[in-house]
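S.K.: One structure is given below, represented as structure tokens, and several questions about it will come after.
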Amino acid sequence: MMRVTPILKLATSTISLALLSTSGTAFAQDAPAPPTTTYKFGGYAKFDAMFSDYSDATPDGNSLMRQFYYAPQVPIGDGTGSSDMTVDFQARETRLNFTADTTTAGGNKITAFIEMDFFTHTDGNEVVSNSYSPRVRHAFIKFDKWTFGQTWSTFQDVAALPEALDFVGPAESTTFIRQAMIRYTTGNLELALENPQTFVTGGARDFSTVPDLIARYTFKLSGGSYVKVAGLLRSLKVAPVAGSQADEMGYGISASAKFVFGGGDDLRAMVTVGDGVGRYIGLGFVPDGYIDASTGNIETAEPIAFFVSYRHLWSDKWRSNIMYGTTSIDYTDNVQAAALNDTGTSVHVNLIRTVMPKLEVGAEVIVGEREIVSGTDGDFTRFMLSAKYAF
């Protein structure tokens, strides 16, 4: 027995180790993977040289019109305020962003995204340092199918925007808006509650009490082409200077498309119509409406806006874009709306060269005009040179 005992002990130890090893392996296989997070810093540096000729008074140096084509500020008049060509050099479109992506132990996806640039602020000047504050563009969280925070409106189709050297392109006719929202996405359908803001003229304060309701559906076509249709329902509410509150309903429908052709060319287009949908069109070019001076009620504006753009690839390094946009607006009373925008139109043509991956230079010509209901109008012509390096 003395000789058997060590053998039994050795066998017992071997079996125990094997069981522990097998159990440990099974436990490791059953344990959920630890959460993982990745971080990304990106953006681009961009330089613009703009040479502008206005048919009437030149906008102030810090105005938005001197930073990019801002349709509401195209100067209008009888032409007596016309001046020499104005030159603006800037780097304000330079953009920075930060992304954090997390996959949880349970397989859920969480993304946080923050982005800023240096447009719109007037807290700096061109005298010495050209110092301007950053502004928030995007700040949102995505959790699986949900989006919470500020980003492009669900009513806007960013992918359909023309490739312009100017910040927006045909600004007068584009749906263009970023705001805070709650959005749910399932397949090709997107549903959102977005921040309300009533934008009417006539000395009224916003008293919005109901979020803007938006739905959008994407019809995917072959080769990367698609068609998107979006609907918007709004409750407009203000407190006029007279004291009593005024409210009205607004709605909008927007359809956009991108058709990709052989060789990389593409056609992009968008049309938007509605009643009281102005805040979503043209960066403020179209008002939601105005306060009727006799009744105190909101009289909504009815716009129709569309643009079309064609991109052609000359080679793997050269490409051009040509775009046309226009907006017209109907009002209930043209006398009360005499000072409001009536029509806006622009044409853009550019040539872009890819010098090396992520480094591009280009030139663009912009011709735009604006007319108000009373008939007073104005136009401008701009030649741009740009250089951009993305990282």
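Residue-wise test of (1) at pLDDT 95 or above; (2) over 16 Å from Pro162 (Cα atoms); (3) of a type outside the set (A, V, I, L, M); (4) surrounded by 15 or more Cβ atoms within 10 Å (Cβ to Cβ).
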residue: Val229; (1), (2), (3), (4): yes, yes, no, yes
residue: Lys237; (1), (2), (3), (4): no, yes, yes, yes
residue: Ser244; (1), (2), (3), (4): no, yes, yes, no
residue: Gly250; (1), (2), (3), (4): yes, yes, yes, yes
residue: Gly262; (1), (2), (3), (4): no, yes, yes, no
residue: Asp265; (1), (2), (3), (4): yes, no, yes, no
residue: Val271; (1), (2), (3), (4): yes, no, no, yes
residue: Gly276; (1), (2), (3), (4): yes, yes, yes, yes
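S.K.: Of the numbered conditions (1) under 20 Å from Gln336 (Cα atoms); (2) in contact with a Ser or Thr (Cβ under 9 Å, 6 or more places away or on another chain), Thr201 fails exactly one; give the number of that condition.
M.R.: Looking at each condition in turn, Thr201 falls short on (2).
S.K.: Has the stretch 233-245 got at least one residue that is within 20 Å of the chain's Cα centre (by Cα) and either assigned to a strand (DSSP E or B) or touching a residue at least 12 places away in the same chain (Cβ under 8 Å) (or both)?
M.R.: yes
S.K.: Shifting gears a bit: Taking Gly362 and the conditions (1) closer than 22 Å to Gly282 by Cα; (2) surrounded by 19 or more Cβ atoms within 10 Å (Cβ to Cβ); (3) touching a Ser or Thr at 6+ places or on another chain (Cβ under 7 Å), which numbered condition does it fall short on, given that it satisfies the others?
M.R.: (1)
S.K.: List the pairs whose first member sits in the stretch 71-82 and is within 15 Å of Gly284 (Cβ to Cβ), whose second member is surrounded by 21 or more Cβ atoms within 10 Å (Cβ to Cβ) and of a type in the set (D, E, K, R), and whose Cβ atoms are under 9 Å apart, counting only residues at least 6 apart or on separate chains?
M.R.: Correct list of pairs: Ala71/Glu172; Ala71/Arg370; Pro72/Glu172; Pro72/Arg370; Gln73/Arg370; Val74/Glu172; Val74/Arg370.
S.K.: Looking at the stretch 263-283, is at least one residue more than 24 Å from Val335 (Cβ to Cβ), without any contact (Cβ under 8 Å) to a residue 40 or more places away in the chain and not in a strand (DSSP E or B)? If you could, list the steps in order and put the result at the bottom.
M.R.: Residues of the stretch 263-283 that are more than 24 Å from Val335 (Cβ to Cβ), as a first pass: 263-273, 280, 283.
Of the ones still in play, those that are also without any contact (Cβ under 8 Å) to a residue 40 or more places away in the chain are 271, 273.
Applying the additional criterion that residues be not in a strand (DSSP E or B) yields none.
No, because not a single residue in the stretch 263-283 is more than 24 Å from Val335 (Cβ to Cβ), without any contact (Cβ under 8 Å) to a residue 40 or more places away in the chain and not in a strand (DSSP E or B).
S.K.: Filter the stretch 74-91 down to residues that are within 22 Å of the chain's Cα centre (by Cα) and surrounded by 19 or more Cβ atoms within 10 Å (Cβ to Cβ) and give me whichever is nearest to Phe47 (Cα to Cα). So that I can check it myself, show each step before the final result.
M.R.: Keep residues of the stretch 74-91 that are within 22 Å of the chain's Cα centre (by Cα), which gives 74, 90-91.
Subset that is surrounded by 19 or more Cβ atoms within 10 Å (Cβ to Cβ): 74, 90.
On the way: Val74: 22, Gln90: 6 Å.
Taking the candidates together, the pick is Gln90.
S.K.: Based on this model, can you work out whether Thr376 counts as of a type in the set (Ser, Thr, Tyr), touching a strand residue (DSSP E or B) at 6+ places or on another chain (Cβ under 6 Å) and closer than 21 Å to Gly77 by Cβ? Before the answer, list the steps.
M.R.: Working: of a type in the set (Ser, Thr, Tyr): yes; touching a strand residue (DSSP E or B) at 6+ places or on another chain (Cβ under 6 Å): no; closer than 21 Å to Gly77 by Cβ: yes.
Judged against the criteria, Thr376 is not a match.
S.K.: While we're looking at this one, here's another question. Conditions: (1) closer than 30 Å to Thr345 by Cβ; (2) at pLDDT 85 or above. Asn62 meets all but one. Number of the miss?
M.R.: (2) is the only condition that Asn62 fails.
S.K.: Could you tell me whether any residue of the stretch 223-231 is within 28 Å of Tyr69 (Cα to Cα), charged (D, E, K, R) and touching a Leu at 6+ places or on another chain (Cβ under 8 Å)?
M.R.: No, there is no match, as no residue in the stretch 223-231 is within 28 Å of Tyr69 (Cα to Cα), charged (D, E, K, R) and touching a Leu at 6+ places or on another chain (Cβ under 8 Å).
S.K.: Within the bounds of the stretch 148-158, is there any residue that is within 17 Å of the chain's Cα centre (by Cα), at pLDDT 95 or above, exposed (fewer than 14 other Cβ atoms within 10 Å of the Cβ) and outside any strand (DSSP E or B)?
M.R.: yes
S.K.: Shifting gears a bit: Can you find a residue that is on the phi < 0 side of the Ramachandran plot, in a strand (DSSP E or B) and touching a Leu at 6+ places or on another chain (Cβ under 8 Å) anywhere in the stretch 330-340?
M.R.: Keep residues of the stretch 330-340 that are on the phi < 0 side of the Ramachandran plot, which gives 330-340.
So of that shortlist, the ones also in a strand (DSSP E or B) come out as 330.
Still in the running and touching a Leu at 6+ places or on another chain (Cβ under 8 Å): none.
Within the stretch 330-340, none of the residues are on the phi < 0 side of the Ramachandran plot, in a strand (DSSP E or B) and touching a Leu at 6+ places or on another chain (Cβ under 8 Å).
S.K.: Taking only the stretch 185-220 into account, find how many residues are assigned to a strand (DSSP E or B), in contact with a Lys or Arg (Cβ under 8 Å, 6 or more places away or on another chain) and in contact (Cβ under 8 Å) with a residue 60 or more places away in the chain.
M.R.: 1
The values are calculated or read from the model by the stated rules, or taken from the named source; none is laboratory data. Since this is a predicted model, take the numbers as computed values, not measurements. We place every Cβ from the backbone using ideal geometry, glycine too, and count neighbours over all the protein chains shown.
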